[in-house]
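Asker: Right, I'll just put the structure down here and ask away after.
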Amino acid sequence: MSYNSFGLLFRMTTWGESHGPAIGCVVDGCPPRIPLTEADIQPWLDRRRPGQSRFTTQRQEPDQVKILSGVFEGMTTGTPIALTIENVDQRSKDYGEIAERFRPGHADLTYELKYGIRDYRGGGRSSARETAMRVAAGAVARKMLGGGVRIRGALVQIGPHRIDRDRWDWSAVDQNPFFCPDPVAAKQWETYLGEVRQAGSSVGAVIELVADGVPPGLGAPIYGKLDADLAGALMSINAVKGMEIGEGFAAAALSGEANADEMRIGDGGEVAFLANHAGGILGGISTGQPIAARFAVKPTSSILTPRRSVDRTGAEVEVTTKGRHDPCVGIRAVPVGEAMLALVLADHKLRHRAQNPDAPERARLPRN
């Protein structure tokens, strides 16, 4: 199976299956002399870890990361960094009944048609279990980007229920099981998602990402656009069916006057934008403003309600998915989205440094 790597200069390759003995990744291209230990990676994995509330899968995985290479005496060496996590709570017997059947909404059928073989245990390679290694690699990317770049994510919609943006509070994100910035909405979601879970059903979600402190100049015109690579990164996450930058689809309803981000020169000589409808990217290149993106996650396809399908012989069957599943997979997609944004920025930082090493770190123009 090809296409298991992501990135150009800062490159991540993941391996492993949902019910195999372990999952892992190799991060290649990380510069040397960057402080890195397992303690720098583990907190990000803990945010994604399953079984932390009744609103996520009850699979109990500690997700303890191990660094196997690329680090010496607490510093990166510039060589490939190998990371691994053991799988300890697989229940492959839960999937015995669907070994010959294709679950609607899953990748079962397409994997079978493409490869002629598939690992039906929890989806195998197509499982969201793989995203744990994205989060681990994203932690390395954050270290490379440095403390000046801050990447945060929040759940802004579950099913039809949106947050009130007037109540947005970043400090609330880690104080509820939904990564929700609106404490009132978080309480309402507890009741709503509890009902969804009791019914054996599922719902989708929308996640918003913001990266502050990104310098201007990341990205390249035409085929190396920062927003294009970010779109590909977010769309590569399991169950993601759409994404947008800045105003996104809402920009279609704006006038040219409303959508254009006007500019002035600040007291320090830097370019000051009066709005950020572009989401921090113009012409595929970062402006120095916060990068803002959103992505939509579909409802989890593993539900208890029987769904019509077919099996490997072509017979028409009904499928009921057993096992432990998220009633809203979008919840744990928040740290995954953050990781993918970090990986894109790290890769583009190296690309930018290679082509334009003397570029300014701030959006400053020369004075006459």
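The values are calculated or read from the model by the stated rules, or taken from the named source; none is laboratory data. For clarity, every value in this text was computed on a predicted model and none was experimentally measured. Quick reminder, even Gly has a Cβ in these numbers, built from the backbone with ideal geometry, and neighbours come from all protein chains shown. Keep in mind that these areas ignore ligands, DNA and RNA; they rest on the heavy atoms of the full protein, side chains included. Shrake-Rupley method; radii C 1.70, N 1.55, O 1.52, S 1.80 Å.
Asker: With the checklist (1) open to solvent by 40 Å² or more (accessible area, probe 1.4 Å); (2) touching a strand residue (DSSP E or B) at 6+ places or on another chain (Cβ under 8 Å); (3) at pLDDT 95 or above in hand, flag the one item residue 337 doesn't pass.
Answerer: (1)
Yes or no, residue by residue, for (1) surrounded by 16 or more Cβ atoms within 10 Å (Cβ to Cβ); (2) in a helix (DSSP H, G or I); (3) in contact (Cβ under 8 Å) with a residue 12 or more places away in the chain:
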position: 110; (1), (2), (3): no, yes, no
position: 114; (1), (2), (3): no, yes, no
position: 118; (1), (2), (3): yes, no, no
position: 123; (1), (2), (3): yes, yes, yes
position: 133; (1), (2), (3): yes, yes, yes
position: 137; (1), (2), (3): yes, yes, yes
position: 144; (1), (2), (3): yes, yes, yes
position: 147; (1), (2), (3): no, no, no
position: 188; (1), (2), (3): no, yes, yes
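Asker: Just one of (1) surrounded by 19 or more Cβ atoms within 10 Å (Cβ to Cβ); (2) touching a residue at least 12 places away in the same chain (Cβ under 8 Å); (3) more than 17 Å from the chain's Cα centre (by Cα) trips up residue 154, so point out which.
Answerer: The single condition residue 154 does not satisfy is (3).
Asker: Return the residue satisfying two criteria in turn: it lies in segment 307-316 and is in contact (Cβ under 8 Å) with a residue 40 or more places away in the chain and open to solvent by less than 50 Å² (accessible area, probe 1.4 Å), and of such residues it is nearest to the chain's Cα centre (by Cα).
Answerer: Checking each candidate, the answer is 309.
Asker: Related question: Report the residue count in segment 65-97 for those that are out of contact with any Lys or Arg (no Cβ under 8 Å at 6 or more places or on another chain) and modelled with pLDDT under 90.
Answerer: Number satisfying all stated conditions: 3.
Asker: Condition first: open to solvent by 10 Å² or more (accessible area, probe 1.4 Å), small (Gly, Ala, Ser) and outside any strand (DSSP E or B). Now tell me which residues in segment 18-29 satisfy that.
Answerer: Within segment 18-29, just 29 meets the criteria.
Asker: All but one of (1) among the small types (Gly, Ala, Ser); (2) open to solvent by less than 20 Å² (accessible area, probe 1.4 Å); (3) farther than 30 Å from residue 86 by Cβ hold for residue 205, so report the exception by its number.
Answerer: (3)
Asker: Out of all the residues in segment 163-175, is one or more in a helix (DSSP H, G or I), out of contact with any Asp or Glu (no Cβ under 8 Å at 6 or more places or on another chain) and open to solvent by less than 60 Å² (accessible area, probe 1.4 Å)?
Answerer: Yes, that holds for at least one residue.
Asker: Return yes or no: is residue 287 out of contact with any helix residue (DSSP H, G or I) (no Cβ under 9 Å at 6 or more places or on another chain), under 25 Å from residue 154 (Cα atoms) and of a type in the set (Val, Ile, Thr)?
Answerer: Yes, satisfied.
Asker: Pull out all pairs, ordered by first then second residue, where Cβ-Cβ is under 9 Å, the residues are six or more apart or on different chains, the first lies in segment 214-229 and is more than 16 Å from residue 148 (Cα to Cα), and the second is of a type in the set (Asp, Glu) and assigned to a helix (DSSP H, G or I).
Answerer: So the pair list comes out as 219/227; 219/229; 229/347.
Asker: Separate question: Against the definition (hydrophobic (A, V, I, L, M, F, W, C), modelled with pLDDT under 90 and closer than 15 Å to residue 17 by Cα), how does residue 132 come out, yes or no?
Answerer: For residue 132, the condition - hydrophobic (A, V, I, L, M, F, W, C), modelled with pLDDT under 90 and closer than 15 Å to residue 17 by Cα - is not met.
Asker: Hand me the list of strands (runs of 3 or more DSSP E) wholly inside segment 240-306 holding 2 or more residues that are open to solvent by 20 Å² or more (accessible area, probe 1.4 Å) and over 30 Å from residue 195 (Cβ atoms).
Answerer: Fully inside segment 240-306 and qualifying: 263-265, 271-273.
Asker: May I pose another question? Name the single residue, out of those in segment 5-17 being in a loop (DSSP other than H, G, I, E, B) and at pLDDT 95 or above, that is surrounded by the most Cβ atoms within 10 Å (Cβ to Cβ).
Answerer: 10
Asker: Restricting attention to segment 230-239, which residues are open to solvent by 40 Å² or more (accessible area, probe 1.4 Å) and touching a helix residue (DSSP H, G or I) at 6+ places or on another chain (Cβ under 6 Å)?
Answerer: Correct list: 238 only.
Asker: Taking the condition open to solvent by 30 Å² or more (accessible area, probe 1.4 Å), modelled with pLDDT of 95 or more and over 28 Å from residue 280 (Cβ atoms), does residue 160 pass?
Answerer: Yes.
Asker: Restricting the search to segment 208-225, which residues are buried (at least 22 other Cβ atoms within 10 Å of the Cβ) and over 16 Å from the mean Cα position of the chain (by Cα)?
Answerer: Within segment 208-225, 214, 218, 219 meet the criteria.
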